[in-house]
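Just so it is clear, none of the values below were taken in a lab; they were calculated from the coordinates. Owing to the predicted nature of the structure, the values given are computational and were not obtained by experimental measurement. Reconstructed Cβ throughout: ideal geometry from the backbone, glycine too, with neighbour counts over all protein chains shown.
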Amino acid sequence: VIVLRDYLHVCDTAREARRILGGGKVLLDQRVVRDPKRGVGLMDVISLPAVKTNFRCLLDHHGRLHFSEIKATAAKWKLLRVEGKTTLRGGKTQLNLHDGSNLLSDEDVSTGDVLQLTLPGLDVKKILKFSKGAPALVTGGAHVGTIAPLEEAVETRSPRPNIVRFAEFETLKQYAFVVGAKKALVTEVAV
């Protein structure tokens, strides 16, 4: 409701937003959403088929959510960072993703890597490795919202958090979200 009314300016009141949702006119990650309390987070894709517009949720330079308009072809995929891995019975690997979802996969993936998944099927299209030269979106700290290539990751064997170095700054490793292999798949928000 808040996204439709306050961010996308599709309607003027919460009642209108609930009516739009109830009519099944909003897609979140290419699936119909009717729940007005459904949350929206980083890299989610919102589609409004009636007006043929698509938006991707990104962060601006103040750390606020920003909905950037994207093409219909870009609305067919989503980026999800691997936060953890769990081994299930039978030797299957479950990937725990940044948006709270889980995915069974046989792919060779490390934590910190990002999966480019097709929507709505959630099939792995590409694996974006957390490696030197990969463009990354900074999701926290003083440089939030910036996309820059990774220079190096410094892992410390201590209670201090691991850091990542970029050309002009450094930040915590948990704030780096890889958005491409050589070229960024998403654009930096210019506000």
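When Lys and Arg each count +1 and Asp and Glu each count -1, what net charge do the other residues less than 14 Å away from residue 66, Cβ to Cβ, add up to?
So the environment of residue 66 carries a net charge of -3.
Residue 93: net charge of surrounding residues, Cβ under 10 Å, Lys/Arg +1, Asp/Glu -1, itself excluded?
-1
Show the residues, 5+ positions off or on another chain, whose built amide H is closer than 5 Å to the amide H of residue 178.
Residues meeting the criterion, in which the H sits 1.01 Å from N, are 137.
With Rg and the Kirkwood Rh both taken from Cα atoms, where does Rg over Rh land for the stretch 77-128?
Radius of gyration relative to Kirkwood radius: 0.93.
What net charge do the residues around residue 111 carry, taking every other residue with its C-beta under 14 Å from that of residue 111, with Lys and Arg at +1 and Asp and Glu at -1?
Every neighbour counted, the sum reads -1.
Could you estimate the translational diffusion coefficient of the stretch 2-75 from the Stokes-Einstein equation, with Rh from the Kirkwood formula over C-alpha pairs, at 25 °C and 0.890 mPa s, in whole µm²/s?
Diffusion coefficient, whole number: 197 µm²/s.
For the chain, what does the relative contact order come out to in percent, with C-alpha contacts under 8 Å and a separation of six or more?
About 15 percent, as a whole number.
Across 5 Å bins from 0, what is the distribution of all Cα-Cα pair distances for the chain, in whole percents?
For the chain, the binned pair fractions read 1, 8, 15, 18, 18, 16, 12, 7, 4, 1, 0 percent.
What do you get for Rg/Rh over the stretch 49-103 if you use C-alpha atoms and the Kirkwood form of Rh?
That ratio equals 1.14.
Just subtract the alpha-carbon distance of residue 170 and residue 93 from 0.36 nm times their residue separation and send over the number in nm, one decimal.
24.5 nm is the gain from fully extending residue 170 to residue 93.
Let me have the 222 nm mean residue ellipticity of the chain computed from DSSP H runs of 4+ only, each contributing -39500 (n - 2.57), with the sum over all residues rounded to the nearest 500.
Result for the chain, helices only: -1500 deg cm²/dmol.
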